[in-house]
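Here's the structure we're looking at; comments come further down.
The values are calculated or read from the model by the stated rules, or taken from the named source; none is laboratory data. Just so we're clear, the structure is a prediction, and the values are computed from it rather than from any experiment. Here the Cβ positions follow ideal geometry from the backbone for every residue, glycine too, while neighbour counts run over all protein chains shown. These accessible areas exclude ligands, DNA and RNA; they are computed on the full protein's heavy atoms, side chains included. Shrake-Rupley method; radii C 1.70, N 1.55, O 1.52, S 1.80 Å.
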Amino acid sequence: MTITEMWTQLGSVIAGLMFGWAMFQQYFPHQLRGSFNRYTQRLVGFVYPYLQITFHEYTGERLKRSEVYSAIQSYLSANSSMRANKLKADVVNKSHSVVLSMDDHEEITDDFNGIKIWWSSNKITPQAQSFSFYPITEGRRYFKLTVHRRYRNVITNSYIDHVIKEGKAVAVKNRQRKLYTNNPSNNWYGWKATKWSHVVFEHPASFDTLAMATKEKEEIMKDLVKFSKGKSYYAKIGKAWKRGYLLYGPPGTGKSTMIAAMANFLNYDVYDLELTTVKDNTELRKLLIDTTSKSIIVIEDIDCSLDLTGQRKPKEKEEDKDEEGQDPISKKEKEEEAENKKSSKVTLSGLLNFIDGIWSACGGERIIVFTTNYVEKLDPALIRRGRMDKHIEMSYCCFEAFKVLAENYLDVESHELFAKIQNLLEETKMTPADVAENLMPKSEDEDEETCLKKLIAALEEAKEEEGRKKSEEEAKLKAEQDKEKDQPAKEDEKGKEIGIAKENGLISNGKEEISIESTKQGDS
């Protein structure tokens, strides 16, 4: 038999098998077909000793991407760049500009404790192409794991957990961090509508560039590291894995910069919660549930967001007295602000439950940060230990903070003018924001010495202004004290005059009367 005849017969056999399979699929009863497939798979199992596990991209709820699939994808991306022949690239962040992963219909091998494992990336494309809003209908992707059956227990008990854990770690390392803000509830529904909208978080702040005393920065950094590694510890003591920070101090002392530095240090996302757009406590709870772990939830200027002091009525009475002497424009602005606050029904109780109630345990590794310029305005229940665990005062610029700013803005570590600046900073209150503004060169002609002299002039001016205000306050206080001293003397003098008038018959029972003699003289 020639080779041509052999290929001809082989082609005829294949064509016959295909025809028989088509007839089987078309006319064989469905009930019997299922039994036939089961017995066929058992028969193949005797000669094919490999186990296969499939992980689909979309499982459970519609349009819900499988977390296991995402973790496997991240895990395989770390190995695929050296082993796969077909790769696809994705831009993630600055430090890892391009991340390579397996392309569709590609296969790589993995080793686990001496066991050889095959991973393949597959995609099933629907035969009828049509435009759809739903990604699941555009093509079903899945990963397929293949391994010898003798390693079934190792794969199901150890290897898959290992892949998911490592994959999540790679995803956190390569992820693009985001800055979120909450959407109004009327935008929560519809195609691709979410409770949070986001932009890429690219704030460059770090603890190295933060204008603050070195000892305080180190203390905060140690606290953050301890928290990020404390999953088992928080489970042991029976607390939700979260921590609260209260940042308070005058405007311009770097509270927002501190938040950005914390996020960059821990590699966390930031959720900027705007309370005035939240209608009630239920919406607040839904927003909390929709946040992810490894995140910082921020409420800035919480004393201005809503009236959460728990003392609304007395406060309103005091404001009414203060508003009597206000101009109409300021009064109108306050009324509009109060109206905006009233539109939200978020209560102090709802916010307290948001921070450390039962719902706060949904998820983990979250930091909650409040900022305020006036900590005395906040309700004590809101900032007690256990809710706001660490209170950080962001104060005026000290000399250590100035040296950080000088190095940041001028690349200067030491200068002969530093001694004078140190003395002025000890005598004058100036925020880091004001110091930084004076240190920043405004033109190419300004060098470091010019900027330092400009700062000295600003500090001296601020010192004179503080002295002037202090003198005015002292003069005002002295005038009030003198007035209080003069008041009893005047009252005593008036009392003596009244007594003399009574003796002369000019006053009787608290009323003035004209004497008979003077009346007669008037008649004559």
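Of K236/K390; K88/K217; K168/K195, which ones are farther than 31 Å apart at the Cα?
In this structure, K88/K217 lie more than 31 Å apart at Cα.
Return one whole number: the accessible area per residue of segment 399-475 in Å², for a 1.4 Å probe.
Ligands and nucleic acids excluded, the result is 62 Å² per residue.
Can you work out the base-10 log of I(q)/I(0) for segment 133-259 at q = 0.12, 0.14, 0.17 1/Å, using the Debye formula on its C-alpha atoms alone?
For the requested q values the scattering log ratios are -0.90, -1.09, -1.25.
Evaluate 2.2 N^0.38 Å with N set to the residue count of segment 399-475, then give the Cα radius of gyration divided by it.
For segment 399-475, the normalised Cα radius of gyration comes out at 1.16.
Can you give the extra length, in nm with one decimal, that the chain gains between E449 and A381 once fully stretched, where that is 0.36 nm per residue apart less the Cα-Cα distance?
Roughly 19.6 nm would be gained on extension.
Multiplying the sequence separation of E393 and K429 by 0.36 nm and subtracting their Cα-Cα distance, what value in nm do you get?
Taking 0.36 nm per residue and subtracting the Cα distance, the gain is 11.5 nm.
Give the residue list of GluC sites (Glu not before Pro) in segment 337-418 that are DSSP loop and have at most 12 other beta-carbon atoms within 10 angstrom.
Those satisfying the criteria are E413, E416.
May I ask which of K345/K476; K215/K478; K178/K279 have a Cα-Cα span longer than 32 Å here?
Check vs 32 Å cut-off fails for K345/K476; K215/K478.
Restricting to DSSP loop positions (anything but H, G, I, E, B) with no more than 16 other Cβ atoms inside 10 Å of their own Cβ, which trypsin sites (Lys or Arg not before Pro) remain in segment 169-254?
Counting only loop positions with at most 16 other Cβ atoms within 10 Å, the trypsin sites (Lys or Arg not before Pro) in segment 169-254 are R175, K192, K229, K239.
By its C-alpha gyration tensor, with a ≥ b ≥ c as the square roots of the eigenvalues, how is segment 200-298 shaped: rounded for a/c under 1.5, else prolate for a/b larger than b/c, else oblate?
Judged from the Cα gyration tensor, segment 200-298 comes out oblate (a/c at least 1.5, b/c at or above a/b).
Pop a pseudo-label 7 angstrom from the Cα along the beta-carbon direction at both A457 and K485 and give the gap in nm to one decimal.
In this crude label model, A457 to K485 measures out at 4.4 nm.
Taking the Cβ of E460 as the center, what net charge do the other residues with Cβ under 12 Å away carry, scoring Lys and Arg +1 and Asp and Glu -1?
With Lys, Arg at +1 and Asp, Glu at -1, the net is -1.
If I stretch the segment between D301 and T109 completely, what's the gain in nm (0.36 nm per residue apart, minus their alpha carbon distance), one decimal?
Result: 63.8 nm gained on full extension.
As an exercise, use a Förster radius of 22 Å and the Cβ-Cβ distance of R83 and N267 to find the FRET efficiency, rounded to the nearest 0.05.
0.20
Using a Cα distance threshold of under 26 Å, what count of lysine pairs results for segment 399-475 when pairs must be 8 or more residues apart or interchain?
Count of close lysine pairs: 28.
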